[in-house]
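Peer 1: I have a structure here, written as structure tokens, and I will follow up with some questions on it.
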Amino acid sequence: MRILHTSDWHLGRSFHRVSLLAAQREFIDHLITTVRDRRIDAVVVAGDIYDRAVPPLAAVELFDDALHRLADLGVPTVMISGNHDSARRLGVGAGLIDRAGIHLRTDPAGCATPVVLADDHGEVAFYGLPYLEPGLVREELGAPAAGHAAVLGAAMERVRADLATRPSGTRSVVLAHAFVTGGAVSDSERDITVGGVASAPAEVFDGVDYAALGHLHGCQTITERVRYSGSPLAYSFSEAAHRKSMWVVELGAAGEAPSYQRVECPVPRPLARIRGRIEELLADPDLDRHEEAWVEATLTDAVRPHEPMARLVRRFPHVLTLVFDPERPPEDPLASYAQRLRGRSDRQIAEDFVAHVRGGRGPDAAERVLLEDALETVRSEAHEGVVPGGENGPGAATATVRTTPGAATATVRTTPGAATATVRIAGEAAR
């Protein structure tokens, strides 16, 4: 059986305010051509079909077009919801769409109910594990703890239990939207850290023939049978070096190792990250190759140049972002705020800020629990899309967690990719 593995379409997303709708439409054309020309037997899409819980109409129309074209080819397609999707919205009409051979799996309760297809070697069971937000699914799945490894492990126990009831020689494919240990991240993936841990071990997928993963935007191999397809388009400059692609996975008879082929995706415009003093960037002949690329320019001039964007655009007409990073000693107290926060989680940033405004006294154990509860609550609400609009826009959410009267209060407000925390402790406030 020949399977096409893709994920993280993020329909409706823009790139630094540049619409990607035409590029996403070109990808769908490429997908359909690949399915037809390579005689694909099944398509799997491992989550984040949309970029946000309430996608724009143009994105919904593009998804509808993709479904119709896949159905017209008569190729079964299995899709799961990701952490950017609203599982409930995406799953509307799933029962009806199922009749057309498009199988949407958005309900965690159905993770052990496979889509069963057959080839010359027998049956292949496709299990769809939508993004599992630990705080929302722990009780339903009977997980021993509220963490990604625990809920994925509980879901996989159900998968293995169902697989054990099937005829000998049944092969299995699991779709999952998760951060698996060993994967390389990029700037465009939304943080899913719970309890200080964002990832789950690859061993959680032991016992299946292939795990088709989504969430990380780089195409990568975690183990021979556990792989990310990555996103079909770049959604941040951190992906400038990525080769955007899909996997064609060929399953043989039971016990045989699958074979893999990587299929490149169309590139609407290359990405380039250039760095240096402005006069160097304007004169360096080695940068000629980037003149038609989308460009992120980092200026290292000690003093901010006059009208830098206007000057850069003359040479690089598609420059999109401008970053100022003056060359300074590492110990310089004026190092950028972004540099100081790089690699730190939302919880760590909030705890550090509480310590900053209280003269070095950070939150105690109870206050840390309070902050974590607020952060997990707002992440769950954003995932469910419970606040479809308002001052923060689609997908935004606000959560307030209080202990006893007069004690600590934590309020977290988040928009996709950003968070603000307000903490009040014994009359003190930090924002």
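Peer 1: Could you tell me whether A240 is surrounded by fewer than 18 Cβ atoms within 10 Å (Cβ to Cβ) and in contact with a Leu (Cβ under 6 Å, 6 or more places away or on another chain)?
Peer 2: yes
Peer 1: Does any residue in segment 319-330 that is in the same structural domain as I278 (by TED's automatic domain parsing) come within less than 6 Å, Cβ to Cβ, of a residue that is modelled with pLDDT of 95 or more and of a type in the set (D, E) six or more places away or on a different chain, and which pairs are these?
Peer 2: So the pair list comes out as T321/E296.
Peer 1: From (1) buried (at least 20 other Cβ atoms within 10 Å of the Cβ); (2) touching a helix residue (DSSP H, G or I) at 6+ places or on another chain (Cβ under 9 Å); (3) of a type in the set (V, I, T), pick out the condition that doesn't hold for I97.
Peer 2: I97 satisfies all of (1) buried (at least 20 other Cβ atoms within 10 Å of the Cβ); (2) touching a helix residue (DSSP H, G or I) at 6+ places or on another chain (Cβ under 9 Å); (3) of a type in the set (V, I, T) except (1).
Peer 1: I would also like to ask the following. What is the residue count in segment 110-122 for residues that are outside any loop (DSSP other than H, G, I, E, B) and buried (at least 17 other Cβ atoms within 10 Å of the Cβ)?
Peer 2: Narrowing segment 110-122 to residues outside any loop (DSSP other than H, G, I, E, B): 110, 115-119, 122.
Still in the list and also buried (at least 17 other Cβ atoms within 10 Å of the Cβ): 115, 117.
Qualifying residue count for the region: 2.
Peer 1: Does segment 123-140 hold any residues that are at pLDDT 95 or above and either assigned to a helix (DSSP H, G or I) or among the polar types (S, T, N, Q) (or both), and which are they?
Peer 2: Matches in segment 123-140: none.
Matching residues to (1) among the aliphatic types (A, V, I, L, M); (2) farther than 25 Å from L136 by Cβ:
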| residue | (1), (2) |
| --- | --- |
| P167 | no, yes |
| G182 | no, yes |
| S186 | no, yes |
| E189 | no, no |
| H217 | no, no |
| K244 | no, yes |
| V263 | yes, yes |
| P266 | no, yes |
| A272 | yes, yes |
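Peer 1: Exactly one of these conditions fails for S7: (1) surrounded by 16 or more Cβ atoms within 10 Å (Cβ to Cβ); (2) hydroxyl-bearing (S, T, Y); (3) farther than 19 Å from S81 by Cβ. Give me its number.
Peer 2: Of everything listed in (1) surrounded by 16 or more Cβ atoms within 10 Å (Cβ to Cβ); (2) hydroxyl-bearing (S, T, Y); (3) farther than 19 Å from S81 by Cβ, S7 misses just condition (3).
Peer 1: May I pose another question? Being surrounded by 13 or more Cβ atoms within 10 Å (Cβ to Cβ) and within 18 Å of L271 (Cα to Cα) is the filter here; which residues of segment 20-45 pass it?
Peer 2: L20, L21, A23, Q24, E26, F27, listed by residue number.
Peer 1: So, V35, is that one in a loop (DSSP other than H, G, I, E, B) and either at pLDDT 95 or above or at positive phi (or both) or not?
Peer 2: Spelling it out, it is not the case that V35 is in a loop (DSSP other than H, G, I, E, B) and either at pLDDT 95 or above or at positive phi (or both).
Peer 1: Tally time: how many residues in segment 18-50 are of a type outside the set (S, T, Y) and without any contact (Cβ under 8 Å) to a residue 60 or more places away in the chain?
Peer 2: 11
Peer 1: Checking the structure you have, find out if any residue of segment 6-26 is among the small types (G, A, S), in a helix (DSSP H, G or I) and in contact with a helix residue (DSSP H, G or I) (Cβ under 6 Å, 6 or more places away or on another chain). Talk me through it step by step, then tell me what you get.
Peer 2: Taking segment 6-26 as the starting set, the residues that turn out to be among the small types (G, A, S) are 7, 12, 14, 19, 22-23.
Checking which are in a helix (DSSP H, G or I) leaves us with 22-23.
From what's left, in contact with a helix residue (DSSP H, G or I) (Cβ under 6 Å, 6 or more places away or on another chain): none.
No, the conditions are met nowhere in segment 6-26.
Peer 1: Follow-up. Can you tell me which of (1) under 25 Å from I40 (Cα atoms); (2) buried (at least 22 other Cβ atoms within 10 Å of the Cβ); (3) within 19 Å of the chain's Cα centre (by Cα) is the one S86 doesn't meet?
Peer 2: The number of the failed condition is (1).
Peer 1: Shifting gears a bit: Whether any residue in segment 129-137 is farther than 21 Å from A46 by Cβ and touching a helix residue (DSSP H, G or I) at 6+ places or on another chain (Cβ under 9 Å) is what I want to check.
Peer 2: yes
Peer 1: Further, regarding this structure: Please determine, by comparing only the residues of segment 142-163 that are out of contact with any helix residue (DSSP H, G or I) (no Cβ under 8 Å at 6 or more places or on another chain) and either aliphatic (A, V, I, L, M) or not assigned by TED's automatic domain parsing to the domain that holds G128 (or both), which one is surrounded by the most Cβ atoms within 10 Å (Cβ to Cβ).
Peer 2: Per the stated criteria, the residue is V159.
Peer 1: Residues to consider are G218, G182; find the one that is on the phi > 0 side of the Ramachandran plot and within 20 Å of the chain's Cα centre (by Cα).
Peer 2: Of G218, G182, the one residue that is on the phi > 0 side of the Ramachandran plot and within 20 Å of the chain's Cα centre (by Cα) is G182.
Peer 1: What pairs can you find where one residue is in segment 284-311 and surrounded by 18 or more Cβ atoms within 10 Å (Cβ to Cβ), the other is assigned to a loop (DSSP other than H, G, I, E, B), and their Cβ atoms are less than 6 Å apart, with a gap of 6+ or different chains?
Peer 2: Listed pairs, sorted by first residue: A293/P270; W294/R269; W294/H318; V295/F316.
The values are calculated or read from the model by the stated rules, or taken from the named source; none is laboratory data. Not measured: the values here are computed from a predicted model. For neighbour counting, all protein chains shown are included, and Cβ atoms are generated from backbone atoms with ideal geometry for every residue, glycine included.
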